1. On the given criteria, is Gly383 assigned to a strand (DSSP E or B) and modelled with pLDDT under 90?
2. Can we say Asn507 is modelled with pLDDT under 85 and buried (at least 20 other Cβ atoms within 10 Å of the Cβ)?
3. Evaluate the stretch 583-596: report whether one residue or more is modelled with pLDDT of 85 or more and in a helix (DSSP H, G or I).
4. Cβ contacts < 7 Å: first residue within 17 Å of Gln297 (Cα to Cα), restricted to the stretch 249-273; second residue assigned to a strand (DSSP E or B) and among the basic types (Lys, Arg), any location; separation 6+ or different chain. Result?
5. For a quick check of your reading of the model, give me the residue pairs whose first member lies in the stretch 296-311 and is touching a residue at least 60 places away in the same chain (Cβ under 8 Å) and at negative phi, whose second is surrounded by fewer than 19 Cβ atoms within 10 Å (Cβ to Cβ) and not in a loop (DSSP other than H, G, I, E, B), with beta-carbon atoms closer than 7 Å and at least 6 apart or on different chains.
6. Thr274 fails exactly one of the following numbered conditions: (1) on the phi > 0 side of the Ramachandran plot; (2) part of a strand (DSSP E or B). What is the number of that condition?
7. In this structure, does Leu517 turn out to be in a helix (DSSP H, G or I) and over 31 Å from the mean Cα position of the chain (by Cα)?
Amino acid sequence: MSSEVWNEEEEEERLRDMEREWNSESRSNVGYYLALNVSRTASTEDIRDAFKRLSRYFHPDRHHDVNKREWAQKQFHIIQRAYEVLSDPKSRAAYDQLGEEGVRMSKAVGYKIQSAKDLQEMFEREARMRRIGEIEQWIQSTSNISVSLETITLTSPLVGMILERSNVPKPRLNNRVKLKSIFMSHSFAANLSDKLTCKVAGRMFSQNGYFSSGNVVGTLKYALDGQSWISFSMPALPPYVPTLKSTHFLSMDTYIITNISQHSLDISTPPSVTTTFGRIMPDNRTTVYLTACTGNQYTFGPLWANSHSRAFDKNELEKSTKHVRDGLRNPSNMSLGLTRTIDTNRKYGMEVSASLRQSSLCAFYEYGLDKHFSISGRAAVVGAGASPTDNPYYSIDGAEDEALTLDKLSIGIQGLSDISASIDVVNEVSSWTKVGWEVGFSLRSGITVNLYLTRLGHRISLPVLLTPLLEIDVALYATAIPLALVFGIHYGVTKVRRRKLIQERLNELKEEQRHELFQQKRRAKEAMRLMADVVERSRKSARSSDGLVIESALYGDLPFGIAAQNTNSLYAALDHAQASRSALSATDEQRACDVTLALHALVNNNQLVIAGGGSKRFLPGFYDPAFGVKKLLFVQYRFKGKLHEVIVKDDQALAIPMKAHSIE
């Protein structure tokens, strides 16, 4: 298969469909609705009538031949089981939620259920707990390891030139790579109940081997209902910063997040309150959010008037204890942003933030070259705010004599503080593993490259400072060389490897399915033999009365040129009628199966209705002739002496006769 023809996304979708089919059949989750040819909304009477109609063909007492009687017993067992499950409201609700396994479970707990609502809630809870249990071992534990390096004497020509002019000898090669800092964090969460979750997180930071810190933070999260939850966090070591966070969804597209942080256990310091209001716009692609933070430098009358967070005098600040000084002053700020998804491969966003200390404008753009490879760019402009005056007391009620008023306070960008930009490339190695490379440019911090690996909530990153200055040659090398390397690995190695793995998995599934497909085909042929006599008499009677007669029907990987649809337009049918007849006569049975008799057996009162929403391979007399391939059903029928043709997708509903199907 050439690379021009092979489509990775289509092949991955095909593989997922095959795995779903295989998992469904491995659990013996028979399509009971299709086995009786009724819709999921069918009434109990409809289910009973469908069972009676099929019993005409498959009831063992209707067949005297020993072989046919044995075949009928197998077929009758399927439709009888389907009728037993779907005719009982409790079993049917259990089947709709969890399939055949849910039916078995309902028998074990059925005596405890008081109403249909209780049953529905129970199975929803069971399904949710099953999904949680499958992924709990992966998502309940997360970690982050970051090792920061500095290579400026090795990678910065300008720094090397300065050292030469200053007659400072360059360090040896093995000393040119310095370890700047190490950061490690690990968290573990456990569900204490359906609504209460406990999380413990540990963090450690070390810089230059001289400064280090660490802490352990415990968090309790409680779900109030399906739309709201709250959490409380408390560190085990100073600085003690208790945090209360709440999240509430006002509707499906509107949410409010509130975060209250007390920066010390000293109640003379006011807490910081941060509130984010977000809304998803009607186009379902744009999200707008507004964030406001009060900071901890405010007062309400005399309350918190002597807070250390409002002290700007150095001597007064020194009087504070260390745990109060740590993270003492948190200024107020406000930001407004939006993110918008253009399509599946493109997304952009921007944010404007303003505070007394600094204001900023940030923007990003992300473009996915394919489903597993994306590149994004970010840019930010940061402006320095006004410097505080000697007595910067803020007052709402004017209680302070030296309170500043807005006309005394200069608010806005007083000067440029920093301009930064970054390019981030992410490559998905497997379903759970991603590798990335990011290069950042900044007026203040120079050029930094970050290599990282993420897998199931765990992340390892290696940021490297190449130069503290913006050097054009270093920027080109740090951008062009890794970009060429990443593109080469993705298109030359990763994509080829993924294609090989997909093809191998497809072949494995086909091999695993071979025996099951053989059994399906044998059961379908047995069912056709059981129906043959009755169906032929029905067809003969329908011909004599100009009723509905199924002339021919094929199911599988059909090579027709007609677009799959419920009703073909007259002109489209005329254009493709001859092509479809030619394809019908030349179709290989390995790709499609003849279901003419099986389909006519479902005719009732000159009407044929097949429910949609599932594969038609579960219909009596059908089987899967082309596992892993999108299948179609072609029907050629005669009604009132006129020939009709229609073709539908595997999961589409079919209703005949219809005037639009006529080709005469």
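The values are calculated or read from the model by the stated rules, or taken from the named source; none is laboratory data. Computed from a predicted model, the values in this text were never measured in an experiment. Glycine also receives a Cβ, built like all others from the backbone with ideal geometry; neighbour counts cover every protein chain displayed.
1. Spelling it out, Gly383 is indeed assigned to a strand (DSSP E or B) and modelled with pLDDT under 90.
2. no
3. Yes, the stretch 583-596 contains at least one residue that is modelled with pLDDT of 85 or more and in a helix (DSSP H, G or I).
4. If the second residue must be assigned to a strand (DSSP E or B) and among the basic types (Lys, Arg), the pairs left are Asn259/Lys245.
5. Going by the 7 Å Cβ cut-off, the qualifying pairs are Arg310/Tyr393.
6. In the conditions (1) on the phi > 0 side of the Ramachandran plot; (2) part of a strand (DSSP E or B), Thr274 misses (1) alone.
7. Yes: the conditions hold for Leu517.
Residue by residue, here is whether (1) surrounded by fewer than 16 Cβ atoms within 10 Å (Cβ to Cβ); (2) touching a His at 6+ places or on another chain (Cβ under 9 Å); (3) of a type in the set (A, V, I, L, M, F, W, C) holds:
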site	(1), (2), (3)
Ser335	no, no, no
Thr341	no, no, no
Thr344	yes, no, no
Ala379	yes, no, yes
Val382	no, no, yes
